[in-house]
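Colleague: I am attaching a structure below and will ask some questions about it afterwards.
The values are calculated or read from the model by the stated rules, or taken from the named source; none is laboratory data. Owing to the predicted nature of the structure, the values given are computational and were not obtained by experimental measurement. A quick note on method: Cβ atoms are made from the backbone with ideal geometry, for glycine too, and the neighbour counts reach across all protein chains shown. Surface accessibility is based on the protein's heavy atoms, side chains included, excluding ligands, DNA and RNA. Shrake-Rupley method; radii C 1.70, N 1.55, O 1.52, S 1.80 Å.
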Amino acid sequence: RYARRIATGSGQVSLSAGLDVERMSERRQGFINNLGAQGALKRDEDDRVDSTGVYAQADWAINEGWSAVAGLRANRVRFRVEDHFVRAGNPDDSGRVTFSATNPVIGLTRHLSPDTNVYANVGRGFETPTLTEIAYTSNGSGPNLNLKSARSTHVELGLKTKLAEGQRLDVALFHIGTRDEIVVASSSGGRTVYT
């Protein structure tokens with residue numbers, strides 16, 4: 001993460017930029033449940049998720065009465081499933097899928113007094129499925145790599161004020177609109193399928 005402050009004619013701009021890199025991997029095995037006793041192996045795979053994100057944000061203290069924020073974040077998330085349980089009648093269910101999105105945010109704050117602020121923010125976001133959510137398909141074979149990422153738009157209006165020493169009041173009105181929300185399609189016998 002890199003951060004820098006720049007003085008302007010009447011205020012100050014704080015700039016920040018950064019890079020996130022994450023990796024998660026698991027060895028997933030499943031066995032037939034014989035009334036509580038572990039039976040034969042029925043699933044054996046290596047799963048991996050690689051995520052990278054690049055972001056930049058500017059916070060502008062315009063003057064004593066106003067401040068603004070603007071930011072942008074680009075994400076790329078890759079899922080990989082490597083199937084080791086390949087048998088006659090059970091094909092290789094290995095596969096990959098990649099999700100990416102660039103999401104902005106912008107906000108404006110009115111400083112009514114040193115103790116009271118009114119603000120408005122608008123931004124977009126996205127949420128990928130998890131390894132648990134892609135684990136099963138409705139036809140029972142292999143991972144559900146056809147799931148989409150959920151995308152959302154967030155709008156918020158609010159007020160923050162200090163009423164007295166040790167007393168604060170935060171009030172917010174917000175709306176989040178989401179499309180392609182990941183939900184349960186079916187759940188039976190310990191197997192949950194998402195859509």
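Colleague: Set the Förster radius R0 to 22 Å, insert the Cβ-Cβ distance between H175 and L108 as r into 1/(1 + (r/R0)^6), and round the FRET efficiency to 0.05.
Modeller: It comes to 0.85.
Colleague: With θ set to phi - 60° and the Karplus curve 6.51 cos²θ - 1.76 cosθ + 1.60, what are the ³J(HN,Hα) couplings of segment 124-135 in order, to the nearest whole Hz, using x for Gly and Pro?
Modeller: Karplus-based 3J(HN,Hα) across segment 124-135 equals 10, x, 8, 9, 7, x, 9, 4, 5, 6, 8, 4 Hz.
Colleague: Suppose we take every Cα in the chain and form the convex hull; what volume per residue is that in Å³?
Modeller: Output value, Cα hull per residue: 170 Å³.
Colleague: Still on this structure, I have one more. Under 15 Å from a point 7 Å along the Cα-to-Cβ line of R124: which residues of segment 62-85 have their amide N that close?
Modeller: Inside the label zone: 71-76.
Colleague: Run the simple label-point estimate for R4 and F31 please: 7 Å along Cα→C-beta, distance reported in nm.
Modeller: Inter-label distance under the simple model: 5.8 nm.
Colleague: Same structure, new question: How large is the accessible surface of S25 in square angstrom, using a 1.4 angstrom probe and rounding to the nearest 10?
Modeller: Approximately 80 Å² of S25 is accessible to the 1.4 Å probe.
Colleague: If you count only protein heavy atoms with a 1.4 Å probe, what accessible area per residue comes out for the chain, rounded to a whole Å²?
Modeller: Numbers: 12760 Å² over 195 residues.
Per residue, the chain has an accessible area of 65 Å².
Colleague: Give the carbon-plus-sulfur fraction of the accessible surface of the chain in %, rounded to a whole number; probe 1.4 Å, heavy atoms of protein chains only. All intermediate terms of the calculation are to be shown ahead of the outcome.
Modeller: Working: 6610 of 12760 Å².
C and S atoms contribute 52 percent here.
Colleague: With Cβ to Cβ distances under 15 Å as the rule, what net charge do the other residues near S14 carry (K, R +1; D, E -1)?
Modeller: +2
Colleague: Also, quick follow-up: Give the residue list of trypsin sites (Lys or Arg not before Pro) in segment 1-53 that are DSSP loop and have at most 12 other beta-carbon atoms within 10 angstrom.
Modeller: Answer in residue order: R1.
Colleague: For L15 and F85, what is the calculated FRET efficiency with R₀ set at 45 Å and r taken between the beta-carbons, to the nearest 0.05?
Modeller: The computed FRET efficiency comes out at 0.35.
Colleague: Please report, in cubic angstrom per residue, the volume enclosed by the convex hull of the alpha-carbon atoms of segment 94-158.
Modeller: Per residue, the Cα convex hull of segment 94-158 comes to 108 Å³.
Colleague: A further question follows. Quote the charge dipole size of the chain about the Cα centre in Debye, to the nearest 20; the model charges only the Cβ of Lys and Arg (+1) and of Asp and Glu (-1).
Modeller: Around 240 debye, computed over the chain.
Colleague: Taking 45 Å as R0, compute the FRET efficiency from the Cβ-Cβ separation of Q38 and R78 and round it to 0.05.
Modeller: Working: r = 32 Å, r/R0 = 0.72.
Between Q38 and R78 the formula returns 0.90.
Colleague: If you don't mind, there's one more thing I want to ask. Whose amide H sits under 5 Å from the amide H of D93, counting only residues 5 or more places off or on another chain, with H placed in the peptide plane?
Modeller: D83
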